[in-house]
1. Just the number please: accessible area per residue for region 1-106, 1.4 Å probe, all protein chains included, in Å².
2. What are the ³J(HN,Hα) values, in whole Hz, obtained from phi via the Karplus relation 6.51 cos²θ - 1.76 cosθ + 1.60 with θ = phi - 60°, for each residue of region 96-113 in sequence order, with x given for Gly and Pro?
3. In whole percent, and with a 1.4 Å probe on the protein chains, what portion of the accessible area of region 134-236 is carbon and sulfur?
4. Read through the labelled values [x] 68, 41, 30; [y] 48, 43, 36; [z] 44, 44, 34 and report the label of the one computed as Cα extents along the principal axes in Å from the structure.
5. Rounded to whole Å and sorted largest first, what semi-axes of the equivalent ellipsoid does the C-alpha gyration tensor of region 76-127 yield via the square root of 5 times each eigenvalue?
6. Expressed in whole Å with the largest first, what are the equivalent ellipsoid semi-axes of region 1-139 derived from the C-alpha gyration tensor as the square root of 5 times each eigenvalue?
7. Out of the total accessible area of region 30-81 (probe 1.4 Å, heavy atoms of protein only), what percent is carbon and sulfur?
8. If you take the beta carbon distance between ASP175 and SER203 as r and set R0 to 35 Å, what does 1/(1 + (r/R0)^6) give as a FRET efficiency, to the nearest 0.05?
Amino acid sequence: MNFTHWQDLQLQGLLTAKTEDDLFAVLAAAARDLGFEYCAYGLRMPLPVSNPKVYMRNNYSRHWQERYARLNYVRIDPTVAHGMKSILPLVWNESVFGQSPEFWEDARGHGLRVGWAQSSYDARGVGGLLTLARSHDTLSETELREHSLKMSWLVQVAHEGMSRLVSTVTPPPSDLTSRELEVLRWTADGKTSGEVGQIMHISERTVNFHVNNALSKLGAVNKTAGVVKAAMLRLL
C-alpha cells in the first residue's frame, strides 16, 4: 500500500473518532500495520505548572501497566525524558536505558524489547508522546527507512486527534487584546508597571488596567501566575 493511500485511511479514522478509546483503537491498528504489537500514547497539558495533567492510553499488559504506575516508572523512563526535550524520534537500545538498567530489564521481562518513540507539541503547549513497541525482531535500518515517514506522520495526527477529544483541555483565551498581550510581554521581561507605561507611552494606571483584564481572562491570581500561564500557553 502506498503512503498516500495508507495516510488517507489513518486520517479518516483518527480525525473522525468520537471517543478517546475509539481513537486509540485506530492508533493501535495502525501500529500493528507497521509491525508493532504494542502502542502507547500520552498527552501532557502545560498547566497547572506544579502538577500538569497527563492522559495516557496503551495496550500493554495489565500487569505492566500496574507495575509502571506503582513504581512510578514515568519518573525514570528515559523515553519520556527524551520526549520532554526533543521531538526527534528515539529508537530503543542499551545506551538509551543505560542510566536505568533495572527499569530496562523489567520492561524486557514484560515483552517490551524493541521500541520507537517520538514526541510532538502544538501551539497551545500541549505535548504528546507516541511509543511503538514489540517483543521480538530488531528494528532494522531498512525497516526504519521504509516506515519512518508513516511513523512520524502518525505522531502528528494522533496528537491532533487525541487533544481534540480530551475534553478537559482548556483552550487558550482567544480574546486577549494586543495591548493586554504587550503589557504581559514587558512584565515577563521584568518591567514594572511604571516602566511598561513609559515604554508604551501610556499611564501606569492604564497598564494596570490592561494587566488586570488579562489576569481575569487567564484565570490567574497575580501577575506572576498570569505571565507564566500566558507563556505556557504560548501566547507571548
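1. 59
2. Running phi through 6.51 cos²θ - 1.76 cosθ + 1.60 with θ = phi - 60° gives 4, 9, x, 8, 9, x, 5, 5, 4, 5, 5, 4, 5, x, 9, x, 9, 10 Hz.
3. Carbon plus sulfur share of accessible area: 51 percent.
4. [x]
5. Sorted largest first and rounded, they come to 23, 10, 10 Å.
6. Here the semi-axes work out to 24, 20, 15 Å.
7. Here it works out to 52 percent.
8. The value I calculate is 0.90.
The values are calculated or read from the model by the stated rules, or taken from the named source; none is laboratory data. Here the structure is a predicted model, which is why all the values come from computation and not from measurement. Virtual Cβ from ideal backbone geometry, glycine too; neighbours counted across all protein chains shown. Only protein heavy atoms, including side chains, enter the accessible area calculation; ligands, DNA and RNA are left aside. Shrake-Rupley method; radii C 1.70, N 1.55, O 1.52, S 1.80 Å.
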